[in-house]
Amino acid sequence: MAAGNGASAATSSSGAAEPGARRGATVRRSREQRTSDSRLRILDAAVACLVESGYAGTTTLTIQARAGVSRGRLLHHFPSKETLLVAAAQHLAATRFASDGLASAELPDRADDPGARLDRIVDVMWATYQEPYFWASTELWTAARTDPALAAALLPAERRLGAAIRQTLDAVFEAYVEHENYPMVREMLLTGMRGVALTYGFDPREAATDPHVAQWKQMCRVLLL
């Protein structure tokens, strides 16, 4: 009998949820949405602070103020500065790589013009190294050299992100993945672009006309076609 009363309190005779039950679900969704929104504001604020002020100039207080959240809310999501900054850089890299990078890029059909497809892949890859998340990550890589706590938080996150990026590249390069030279080409592109991009931190210039871009394209054509 008690079980039957409980069921009738939640639903009407037609099986539809009563107004009270619907209000409860709405409240839960609203609370979850607010929690998600505040977390995203914190992550976005952390990346902005990293890019503008560097690791040394970024504190949880400046992030909190920029995000417009309470101290308790920030600590609820991220109990330490290290976990917050690593999560921020990883979040932005993963989301922007998917939305603006190779995962969504329009590429020429390989059957029509394989060389043009490879060229376009190089262009889109190189553009990702001009994004704020690259510089946020750079700040963390540099600081981690002398900060054991940051290094401990950063290493597993970077390995996961690196695996995700390589998986995306494999999907974009398609049939070339089976080519004996592909693993070498993929790693040379990743490490080469990262190294060249680092010089833009003190020598900003027009990335699209960087002479390395033509070299990377030629390398892909020679080794994969």
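Structure data summary
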{"quantity": "Charge sum, other residues only, whose C-beta stays under 10 Å from Arg120's C-beta, Lys/Arg counted +1 and Asp/Glu -1", "calculated": "-2"}
{"quantity": "Charge tally in the Cβ shell below 11 Å around Ala111, where Lys, Arg are +1 and Asp, Glu are -1, Ala111 excluded", "calculated": "-2"}
{"quantity": "5 Å-binned pair-distance histogram of the range 103-160 (Cα, whole percent)", "calculated": "4, 16, 17, 15, 11, 11, 11, 8, 5, 2, 0"}
{"quantity": "With 10 Å bins from 0: P(r) over the range 166-225, alpha-carbon pairs, percent", "calculated": "20, 48, 26, 6"}
{"quantity": "Longest to shortest principal axis, alpha-carbon extents of the range 118-225, angstrom", "calculated": "45, 32, 17"}
{"quantity": "Gap separating the Cα centres of the range 109-161 and the range 205-225, nearest whole Å", "calculated": "17"}
{"quantity": "Summed residue charge, Cβ within 15 Å of Pro204's Cβ, Lys/Arg positive, Asp/Glu negative", "calculated": "-3"}
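Quick note: the coordinates plus some simple rules give every number you see, no bench work behind them. It should be emphasised that the depicted structure is a prediction, and the values quoted were computed from it without experimental measurement. Here Cβ is always computed from backbone atoms with ideal geometry, including for glycine, and neighbour counts include all displayed protein chains.
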